[in-house]
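Only one structure is covered here, and it is reproduced in the block below.
The values are calculated or read from the model by the stated rules, or taken from the named source; none is laboratory data. What you see is a predicted model, and the numbers here were worked out from it, not measured in a lab. Cβ atoms come from the backbone with ideal geometry, glycine included; neighbour counts cover every protein chain shown.
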Amino acid sequence: MKAARKVFERDGYLDARLADITKEARCASGSFYTYFANKEEVLAAVLLEAQEDMLHPGMGRVEGTDDPYAVLEASNRAYLKAYRRNAKLMGLLEQVAQVEPEFREFRSRRSDAFIRRNARGIADLQARGVADREVDPMMASRALSSMVSAMAYSAFVLGDRQEEGTPVDFEELVSTVTRLWANALRFPGHR
């Protein structure tokens with residue numbers, strides 16, 4: 001899987017060859033077929049591993065009594081760091097999802113997992129009186145999660161620059177998406 005990831009990140013999906021993956025892994029092609037039927041299967045496995053890294057980026061345990069803004073900021077920071085670590089694969093997923101229905105479905109399931117997790121968090125904040133109770137948690141999560149994902153894609157995959165031509169500042173990105181989340185949910189005292 002490490003060899004496949006390296007080859008996919010280096011060559012892209014269309015130009016990656018099984019021969020390159022087995023050469024990188026220093027194994028025979030027969031060994032590859034012991035674990036995977038084809039290039040699509042190994043890419044799916046590599047993407048699943050990246051998804052796990054991004055869904056569970058190693059954030060410490062968050063207590064219900066912690067400052068919600070600080071928790072939100074820590075969550076956004078952990079997600080954006082994980083996205084940055086996996087940026088080449090996220091770009092690859094976007095490309096392959098446009099031409100391969102099974103990867104389009106994978107992308108949809110991946111997105112849904114983040115949206116549902118964030119919706120549960122929003123509902124919890126609403127129950128605690130921290131977030132606007134009038135917004136639908138699922139719809140708010142879909143909008144806010146999409147914003148963060150699009151910003152991450154723009155900064156880490158496309159390499160978009162700020163007006164001065166400098167790369168997007170990571171801390172400014174974390175601060176901006178966190179403030180927008182908090183403002184959209186009407187966190188008290190964080191406007």
Could you please give the count of residues in the stretch 124-145 that are touching a helix residue (DSSP H, G or I) at 6+ places or on another chain (Cβ under 8 Å) and over 16 Å from residue 183 (Cα atoms)? 2
Listed by first then second residue, the pairs whose first member lies in the stretch 126-154 and is under 19 Å from residue 93 (Cα atoms), whose partner is among the polar types (S, T, N, Q), with beta carbons under 6 Å and at least 6 positions apart or on separate chains, are 145/118
Tabulated pairs, the stretch 100-112, first surrounded by 11 or more Cβ atoms within 10 Å (Cβ to Cβ), second at pLDDT below 90, C-beta under 6 angstrom, 6+ apart or interchain: 110/51
Mind telling me which of the residues 78, 70, 44 ends up being at pLDDT 90 or above, within 29 Å of residue 155 (Cβ to Cβ), in contact with an Asp or Glu (Cβ under 9 Å, 6 or more places away or on another chain) and not charged (D, E, K, R)? 44
How about the stretch 167-191: which of its residues are surrounded by fewer than 13 Cβ atoms within 10 Å (Cβ to Cβ) and either among the β-branched types (Val, Ile, Thr) or assigned to a loop (DSSP other than H, G, I, E, B) (or both)? 169, 188, 189, 191
What tally of residues in the stretch 113-128 results from selecting those that are of a type in the set (Gly, Ala, Ser), surrounded by 15 or more Cβ atoms within 10 Å (Cβ to Cβ) and at pLDDT below 95? 1
Just to confirm my filter: which helices (runs of 4 or more DSSP H) fall fully inside the stretch 63-166 and include at least 1 residues that are farther than 24 Å from residue 41 by Cα and either touching a Lys or Arg at 6+ places or on another chain (Cβ under 7 Å) or aliphatic (A, V, I, L, M) (or both)? 68-85, 101-127, 137-152
Report the residue count in the stretch 20-42 for those that are assigned to a helix (DSSP H, G or I) and aliphatic (A, V, I, L, M). 3
Residue 11 without any contact (Cβ under 8 Å) to a residue 24 or more places away in the chain and outside any helix (DSSP H, G or I): no
Look at the stretch 149-183 and say how many of its residues are more than 17 Å from residue 70 (Cα to Cα) and among the β-branched types (Val, Ile, Thr). 3
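Listed here are the residues, each with its yes/no results for (1) within 28 Å of residue 1 (Cα to Cα); (2) under 19 Å from the mean Cα position of the chain (by Cα).
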| position | (1), (2) |
| --- | --- |
| 76 | yes, yes |
| 82 | yes, yes |
| 87 | yes, yes |
| 136 | no, no |
| 145 | no, yes |
| 150 | yes, yes |
| 178 | no, yes |
| 181 | no, yes |
Would you say residue 124 is of a type outside the set (Gly, Ala, Ser) and farther than 29 Å from residue 2 by Cα? yes
Against the definition (of a type in the set (S, T, N, Q) and either on the phi > 0 side of the Ramachandran plot or crowded, with 17+ Cβ neighbours inside 10 Å (or both)), how does residue 95 come out, yes or no? no
